[in-house]
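The structure appears below as structure tokens.
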Amino acid sequence: MKDAAPQTIYLSDYTPPAFLVDSVHLTFRLDPEKTRVISKVDFRPNPQAKSRAFSLHGEGPALQWARIDGRDVTPEITETGLTCEVPDAPFTWEAEVEINPAANTALEGLYTSNGMYCTQCEAEGFRRITYYPDRPDVMAPFTVRIEGSDPVLLSNGNPLNSGPGWAEWHDPWPKPAYLFALVAGDLRAHEGSFTTRSEHEVALNVWVRPDDIGKCAFAMESLKKSMQWDEEKYGREYDLDVFNIVAVDDFNMGAMENKGLNIFNSSVVLASPETSTDATFERIEAIIAHEYFHNWTGNRITCRDWFQLCLKEGLTVFRDAQFTADMRSAPVKRIGDVIDLRARQFREDSGPLAHPVRPDSFVEINNFYTATVYEKGAEVIGMLKTLVGDEAYFRALDLYFDRHDGQACTIEDWLKVFEDATGRDLSQFKRWYSQAGTPRLSVEEEFADGTYTLTFEQHTPPTPGQPDKAPQVIPIAVGLLGPNGDEVQPTTVLEMTQARQSFTFDGLGARPVPSILRGFSAPVTVTRDSSTNERAFLLAHDTDPFNRWEAGRDLARETLMRMAQHGGAPDRGYLDALAAVLRDDTLDPAFRALALRQPGQDDIARALHEAGHTPDPEAIFHAADRFGAALAEHLKDTLHALYTAMDVPGPYRPDADDAGRRDLQNAALALKTRLDGGAAARAQFAAAGNMTQQLGALSSLMAQGLGDAENTAFAEQWHDDRLVMDRWFALQVAHARLEQAPKTAAQMTARSDFNLKNPNRFRAVFGALAGNAGGFHAASGAGYELLADWLIRLDPINPQTTARMCAAFQTWPRYDADRQARIKAALHRIQNAPSLSRDTAEMVARILGD
Ligand code: TRP
Ligand code: ZN
């Protein structure tokens, strides 16, 4: 819907709702094109409110009639809702609307996907279903009646009654409208049950289309583990008789935590060894946990307004990361998260889309479900925990659940709980929520008379709307190693609060080697001049696994930066130290696989830009290629030995140990394929009994321009499986070289199985194009043009996904004048498309800095 003058919403303009809701009754008469929604809502004036003006949100529902206390009324309808005269006392609102789920390609509100009905209401989708105060600080118990011909009719809460063609649900927990959900379809349940520690039995179901019923067991096990873990770690029990999960094929994001009825993108529920990689299994486990954990952090305690989004998302990401660390390997999880943070959040923080963890304004809230709100939001909680300690952290969380259960809260409420639990003043810490940008931490060291001094200086570059930054509280976990590799100072947390600050360590016999920011104790960039020798020493000796990996990563990144600018080759010190790590059988294979993996080309571009250079994507591509070749050549024997040693005996299991071995085996295979003409990869492809090995082999081949036969065979084998074919589409584009990438992407869109209405398929092609740095930034500009063409086409169909994918253009300020001009031309072309959505218009304007 085109909004003539899109409104900017400000945090500082918050006012409490004029009316509160005591209860909601909804009746749905389902029909693909003419669904009727009858609502009955009990309102009461909010004693806290300043105004008595009554208005409801609504975008699109066709109002049939409305009554207040049984008397017909004629509300004034606007583009965004309605207003009406109401009594200055409690009253009952009733209305009937008509909506068209089949025509809803935006996938917000009630829509159909492959013949099933489903909803997505976060953030502001409920207003597309009916007229209602669609804001998270209005919470109410819901009773829902669904009438329809589908065999399965689901909504939130507990089942009340049902009969042929109808079902009734009651959710006793007051909730905001964004947590409402409804699903109807011909679905099958994979059933399970869980008994809470207070002996309440909960029926669990994973609902899928009949063909997928064999792919639900892993999701079910993940759910049970999550329920158990939240009881043990946080003392949080589940609070309804049933917990339903539904898989849908058309979905804008990963999954949604609707109360008692989580809805998932089928790509993060359905799993089988033949069709899913180890990484997918891990992702499913993490997302099931994430959505389940929202039951307390998000649902029981929700957000007052959408500026507080990180209150639920940062905390829930933090909790799911703790869960994965407990289920799998904590250091491996941490390293993986930091790789992801740098690739997505640091990228955002250093460009035109930079915004605070708690933004203070927005046009379209859907555009703020970002790496900054989610992942940096989780990092901020990790820092808080590091600063107060584990015991105080859990005490503060208990207080949070106690004090705020049933409420819609703010970041102020959250920090107050920590202040009250610990007696600390968190006013400076709060800057992490309000200042955008990644702080840069520079380090100087001095050693004299047995005293070692570390001096840190912090500086946060300007971001849009924030030219100057004040110093932030930075917990810097530090350890010191002696010359022989022994730890002379175990990890200690330095609390930096000033712009420049020194810390001393006494009684040292020799100049130590510092291990700074252990465990990545703060989301900052550390700059420090240190020699290859010192990094190789840390890669060999650091007792902190994160920093051990980081030392190798720093070396690889600096080498790639140098090679992209001046050519040359990786130096011997790095290669030898890496070989030693790879051969060290006391180290977890998953850790070794991470050590072997190169930094992404986009990370190198960012690092070059931050160091004051103009990155050349083609030069980076070639540097990465030569770097890989040098690794393969130098590590030849090691790779060969590892490839054989990492064979996993026995039946496939998706656990961390086996997955780590397959990961290292695939990482070794990728390099080996540069040496053996693809022989090992072809053999692995032919023998593969699971998708991890099949896809690992195929992508090793394709990365070297090999494997045409395997590629064709793969598509033939899996042409009926949408999720596997998404992987195949992505692979074609991901491995196309430079100028070939946009051409391949264009070819993919011409296939009969390309479907622009399915976000997974669209993202498979264009996410892969945007992620192929050399190809997307190919000098001709063809990558930019193709993406712009398809975003213009997608926008009228699905604004939310279009707007998210615009972020591919956010790095334009890094590049040379020619590329900048081409990217801006593409953005202007999108901007000038007729009836551009508010979502996309905001993104493009922010990227261009308008
Ligand atoms: N709250 C969801 C989560 O993080 C994410 C979400 C927000 C979402 N808006 C959405 C998911 C729209 C799907 C579609 O768990
Ligand atoms: Zn979430």
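Descriptive notes on the structure:
- Distances between placed amide hydrogens fall under 5 Å for ALA255 paired with ASN265, all partners being 5 or more residues away or on another chain.
- With contacts taken as Cα pairs under 8 Å at a separation of at least 6 residues, region 440-529 carries a relative contact order of 37 percent.
- A Cβ-based charge dipole, computed about the Cα centre of region 9-186 with Lys and Arg at +1 and Asp and Glu at -1, lands at about 260 debye.
- Nearest-ten-degree value, helix 330-340 long axis tilted from longest Cα axis of the chain: 80 degrees
- Peptides ranked, highest mean first, by Cβ atoms within 10 Å: ranges 691-700, 643-652, 206-215: 691-700, 206-215, 643-652
- Karplus (6.51, -1.76, 1.60) ³J(HN,Hα), θ = phi - 60°, over region 558-566, in Hz, Gly and Pro reported as x: 5, 4, 5, 4, 5, 5, 5, 8, 10
- Potential lengthening between ARG583 and GLU79 on full extension [0.36 nm per residue; Cα-Cα distance subtracted]: 174.9 nm
- Using distinct alpha-carbon pairs, which all enter the 1/r mean, Kirkwood radius of the chain in Å: 28.4 Å
- Cα gyration tensor category, rounded, prolate or oblate, for region 719-850 with a/c compared to 1.5: oblate
- Here the sum of -39500 (n - 2.57) over DSSP H runs of 4 or more residues, divided by the residues of the chain, equals -12500 deg cm²/dmol at 222 nm, to the nearest 500.
- Between ARG511 and ARG528, the modelled labels are 1.4 nm apart [label points 7 Å from Cα along Cα→Cβ].
- Among 249-256, 767-774, 405-412, the peptide with the highest mean count of other Cβ atoms within 10 Å heads the list, and the full ranking is 767-774, 249-256, 405-412.
- In Hz, Karplus ³J(HN,Hα) per residue of region 416-423 (6.51, -1.76, 1.60; θ = phi - 60°; x = Gly, Pro): 4, 4, 6, 5, 5, 6, 10, x
- Remark: the THR196-SER51 segment gains 47.8 nm on full extension, using 0.36 nm per residue and subtracting the alpha carbon distance.
- Under the simplified labelling scheme, the ASP22-ASP676 pair shows an inter-label distance of 7.5 nm, with each label point 7 Å from Cα along Cα→Cβ.
- Between the Cα long axis of helix 309-327 and the first principal axis of the chain there is an angle of about 50°, rounded to the nearest 10.
- 3J(HN,Hα) along region 266-283: 4, 5, 10, 10, 6, 9, 8, x, 6, 10, 10, 7, 4, 4, 5, 4, 5, 5 Hz, from the Karplus curve 6.51 cos²θ - 1.76 cosθ + 1.60 with θ = phi - 60°, whole Hz, x for Gly and Pro.
- Helix 572-583 axis, angle to the chain major axis (alpha carbon atoms, nearest 10°): 60 degrees
- Each peptide in 418-426, 136-144, 653-661, 46-54 was scored by the mean count of other Cβ atoms within 10 Å over its residues; highest first, the order is 136-144, 653-661, 418-426, 46-54.
- Estimated at 0.36 nm per residue, the fully extended path between PHE394 and ALA709 surpasses their Cα-Cα distance by 107.9 nm.
- Placing unit charges on the Cβ atoms of the charged side chains and taking the dipole of region 666-782 about its Cα centre, the candidate lying farthest along the positive direction among ASN758, THR673, ALA773 is ALA773.
- Charged-residue dipole, Cβ positions (Lys, Arg, Asp, Glu), the chain about Cα centre, Debye nearest 20: 1300 debye
- Cross-link reach list, aspartates and glutamates versus LYS757, counting only Cα pairs under 19 Å and skipping chain neighbours closer than eight places: GLU33, GLU108, ASP249, ASP250, ASP720, ASP721, ASP726, ASP789, ASP795, ASP839
- Region 647-717, relative contact order [Cα under 8 Å, separation at least 6], %: 27 percent
- For LYS50, the lysines whose Cα comes closer than 27 Å to its Cα, not counting residues fewer than 8 places off in the same chain, are LYS40, LYS175, LYS416.
- Taking all Cα pairs closer than 8 Å and separated by 6 or more residues, the relative contact order of the chain comes to 9 percent.
- In a reduced charge model with +1 at each Lys and Arg Cβ and -1 at each Asp and Glu Cβ, region 302-434 shows a dipole moment near 340 debye about its Cα centre.
- For region 308-410, a/c is not less than 1.5, where a ≥ b ≥ c are the root eigenvalues of the C-alpha gyration tensor, and a/b does not top b/c. That puts it in the oblate class.
Rule-based calculations on the coordinates, nothing more; no lab input. Everything numeric in this text was worked out from a predicted model, so none of it was measured. Because the Cβ atoms are built from the backbone with ideal geometry, glycine has one as well, and the counts that use them run over all protein chains shown.
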